[in-house]
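The structure appears right after this line, and notes come after that.
The values are calculated or read from the model by the stated rules, or taken from the named source; none is laboratory data. Quick caveat, the model's predicted, so the values are computed rather than measured. No Cβ is skipped: glycine too gets one built from the backbone with ideal geometry, and neighbour counts run over all protein chains shown. What goes into the accessible areas is simple: the full protein's heavy atoms, side chains included, and nothing from ligands, DNA or RNA. Shrake-Rupley method; radii C 1.70, N 1.55, O 1.52, S 1.80 Å.
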Amino acid sequence: DTAWVPIRYPNAVYDQAEDRWVSDAEVAEVPFTAFTGRRKAEHVPCRLVVRRVKRLQPLAADGSEQGELFAAYRHHAFITNSTLDTVEADERHRDHAIVEQVIAELKDNALAHLPSGSYAANAAWVACAVIAFNLARACAVAADLATARWASLRARIISVPARIAATGRRLVLHLPTHWPWVVAWQNLHTLATGPPN
C-alpha cells in the first residue's frame, strides 16, 4: 500500500470502460524478470509497472449514492527495462498506446491494402491515408465526436445516406429522418462552411 505514487495527467485521458474522463491515478513498480522460460542467459531483468485508476462506485437501486465498502480499482500493467522513473515510464507507455491506437485504426482502413509491388505507390498510398485520417480526426473534433474510433466516424459523419436535390439554383441535402447523428453532422457542417474563426 505504501508503494503507490500519485500521478496527475497533464491532459485528461478518456476511459472507455468507465465512460468518463480520468485525470489522476496511482503507479507502483516491482522488480521483474522476463523470459524465465528460456535459458538463464536469455532472462531479462526489468520492472513491472502497474497503474491503477479508482473505479466509480455504482449507484444504489434507488439511485442514491451508497457508502464505499472498499475501494475498487482498474489496473493496467506493463514491463520495461528503461531507466526512467516510475511516473515517467507510465507517461511514455501511455504515449505509445496512443500511437499504437492510431496505427491500428490505419491498418483497419487504408493500410490494409499495403504493400503493393511499387515503393512509390506505397509511399503515395500512405501519404493519402494519413491525410484522410487527419481530416477525419479534425472532423471528429468539429462534430464533438473526438473520442470516436475510425469505423464509428465513417458510419456517423462520413458515409451519410443523404439525397441531393436541386431547387431554385440551390442544392439541398436531404438527410435521413430521425437520424441519431444529425446534431454532430450539423456541428461539423456549420464549422466547415461558416466564416473562419
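Among the residues of region 160-178, are any assigned to a helix (DSSP H, G or I), open to solvent by less than 60 Å² (accessible area, probe 1.4 Å) and either closer than 24 Å to Asp15 by Cα or at pLDDT below 85 (or both)?
no
Report the residue count in region 76-126 for those that are within 23 Å of Ala136 (Cα to Cα), modelled with pLDDT under 85 and either under 18 Å from the mean Cα position of the chain (by Cα) or open to solvent by less than 90 Å² (accessible area, probe 1.4 Å) (or both).
Qualifying residue count for the region: 20.
Which residue is most open to solvent (accessible area, probe 1.4 Å), if the candidates are limited to region 127-146 and must be assigned to a loop (DSSP other than H, G, I, E, B) and out of contact with any Ser or Thr (no Cβ under 9 Å at 6 or more places or on another chain)?
The qualifying residue most open to solvent (accessible area, probe 1.4 Å) is Asp144.
Condition first: open to solvent by 90 Å² or more (accessible area, probe 1.4 Å) and at pLDDT 85 or above. Can you find one or more residues in region 147-155 that meet it?
No, because not a single residue in region 147-155 is open to solvent by 90 Å² or more (accessible area, probe 1.4 Å) and at pLDDT 85 or above.
Residue-wise test of (1) in a loop (DSSP other than H, G, I, E, B); (2) within 24 Å of Arg149 (Cα to Cα); (3) open to solvent by less than 70 Å² (accessible area, probe 1.4 Å); (4) modelled with pLDDT under 90.
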| position | (1), (2), (3), (4) |
| --- | --- |
| Asp1 | yes, no, no, yes |
| Ile7 | no, no, yes, yes |
| Glu18 | yes, yes, yes, yes |
| Trp21 | no, yes, no, yes |
| Asp24 | no, yes, no, yes |
| Arg38 | yes, no, no, no |
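Tell me the residue from Ala71, Ala60 that is at pLDDT below 80, touching a Lys or Arg at 6+ places or on another chain (Cβ under 7 Å) and part of a loop (DSSP other than H, G, I, E, B), please.
Of Ala71, Ala60, the one residue that is at pLDDT below 80, touching a Lys or Arg at 6+ places or on another chain (Cβ under 7 Å) and part of a loop (DSSP other than H, G, I, E, B) is Ala71.
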